[in-house]
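Here's the structure, in structure tokens; my notes come after.
Just so it is clear, none of the values below were taken in a lab; they were calculated from the coordinates. Note that this is a predicted model, so its numbers are computed, not measured. Cβ: placed from backbone, ideal geometry, glycine included. Neighbour counts: every protein chain shown.
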Amino acid sequence: MDAVAKKADVVRLTLYYQFKSKSGLLEALYDYLAKRGEMQRMADVFHHTYDPITTLHEFILVFARFWASDREVIRRLHGLAAVDPDIGAGLRSRNERRRQGLTVVIERYAKMYPIAARHRPLAIDILHMLTSFETYDALAGESRSMEEVVAILRKMANQAIGFVQRPAAP
């Protein structure tokens, strides 16, 4: 809080008045990053009557846009989460929301395509890993565009759930 107050050129009490605590400040930062990364688009992903594959593909796109929106800040937050319990708790909470969203996607998928109930937890785990910042960041590297990463993630996600896209008829 002291470092943030100094950088913002305000007294520490101003930060506590505005955000109540370090956790409140972090929540505001997470909300700011989410808004800047257009995470509000996630509501559209679940409210449209897409088929489950389209829902999954759009889910991947929304997260890729978010991860790409401010990679440096997100990378630093993820690094700090390993040593700062408050940052770690905030990111774990958000990661759990992503897992819950993927659970909805898999349940929708299972209603239309065969996927055994016993395989669903593994499919969710794999999709959770594929849609993580760490996976996005590793695939993007220094040269891949967000669109290229999305294409890779979509193919990997299809394989993870056993969906095989049939080639278009000639």
Burial order of peptide ranges 152-159, 106-113 (average beta-carbon count within 10 Å, highest first): 152-159, 106-113
Residue-by-residue Karplus 3J(HN,Hα) for segment 80-96, coefficients 6.51, -1.76, 1.60, Hz, glycine and proline x: 5, 4, 5, 10, 10, x, 5, 5, x, 5, x, 6, 4, 4, 5, 5, 5
Radius 12 Å from Cβ of PRO52, net charge of other residues (Lys, Arg +1; Asp, Glu -1): -1
